[in-house]
Amino acid sequence: MAQGDELFEFAAEPIAAEPWHVLIVDDEPAVHEVTRLVLGTFRFEDRPLQFHHAYSAAEARQILRTTPDIGVMLLDVVMESDQAGLDLVKFVRGELDNHFVRIVLRTGQPGQAPEHEVITNYDINDYKDKTELTAQKLRTMMYATLRAYRDVMLIERNRLGLERVIAASAHIFSHQKSHEFASAVLDQLGNVVGLERGALYCKPVDQATSNGEQLVVAAATGDYARFVNTTVDTVLPRRLLDSVHRAYERKENLFADDHYVLHFTDSHSTESLLYVGETPRLRDVDYRLVQLFCTNVSIAFENLHLNKELFESQLEMVYLLAGAAETRSRETANHVRRVGLI
């Protein structure tokens, strides 16, 4: 086993699919039992359902307060009062400000809550008469409702993700020193998609002589922190090392099932930086956020080098002026140097 394998090897245990959370709100226990019987084996996108049961609007309020990821609420109208279900809708959309949960009103007394009036005045997503809701219609309704919930949450995750990328990019752009830049990239990528075991940031020691073979860890977090200032060839297990070299040689990002390598380069193609993360497989939305993050980091990386070149050019100009002044007055030359450095 290669050095470092002991730290990074882990059991490939199957991960259970995260369930869709469904809240059943009805004062009739039989309705709960029938719903659970019909939808017990239901799966959407290979994910099962997890049922939460409330037998009154008051119980539902408590569940909704403590379980924010309820995707679908199957709601009765008449419970502890004739308007208990409709009042619960107002509570969810108003007080909780939850506009993500899909609310399906199921009533056995349509006269108490006429469909047109309810659809018009309350922010619900579907209206069903219990007497007409067969097993097949219930499953069809669940497909449509969960699909809508999935799409709404995808839009929300994209929005939040973009906000995180913008905030992370602004933080990275504020760092103008190489070691600070590397650490900032690691920290901010963690804010964008999360890092469970830590990360490392590496760069070639001398690209002209090493041809990219000697990649040194410039910054690291978590489990990787003890590898700073060592070469990746001596610390990473073979499967991660292969990914690092493949990404470096191809000059592109590489995404595997349990880790990914991000490649950055400047316009001179004289330096490259590699980031290695070990994490569960990225969702599509996270993949796109990481790609956007890479673009922003590449721009920041380019600005870092341009800023360094500008500083060196200005310093060279100061020395030239000082040299010219020195031919006439040594004190004037020293003054020019002091002003230039300030």
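Database remark: amide H of Ala256 closer than 5 angstrom to the amide H of Val261 (H placed geometrically; neighbours at sequence offset of 5 or more, or on other chains; Pro and chain starts carry no H). At a probe radius of 1.4 angstrom, the accessible area of segment 32-86 per residue rounds to 47 square angstrom. Ranked by the mean number of other Cβ atoms within 10 Å of their residues, highest first, the peptides 55-62, 72-79, 218-225, 245-252 come out as 72-79, 218-225, 55-62, 245-252.
Estimated at 0.36 nm per residue, the fully extended path between Thr131 and Glu252 surpasses their Cα-Cα distance by 37.7 nm. Over the Cα atoms of segment 40-81, what is the Rg over Rh ratio if Rh follows Kirkwood? Ratio of gyration radius to Kirkwood radius: 1.03.
Scanning residues 5 or more positions from Trp20 or on other chains, those with amide H under 5 Å from its amide H are Leu49, Gln50, with H placed 1.01 Å from N in the peptide plane.
Between Asp123 and Gln50, residue separation times 0.36 nm minus the direct Cα-Cα distance comes to 23.9 nm.
The values are calculated or read from the model by the stated rules, or taken from the named source; none is laboratory data. None of the values given here were measured: they were computed from a predicted structure. So basically every Cβ, Gly included, is an ideal-geometry build from the backbone, and we count neighbours across all protein chains shown. Just the protein is used for accessible areas: all its heavy atoms, side chains included, with ligands, DNA and RNA removed. Shrake-Rupley method; radii C 1.70, N 1.55, O 1.52, S 1.80 Å.
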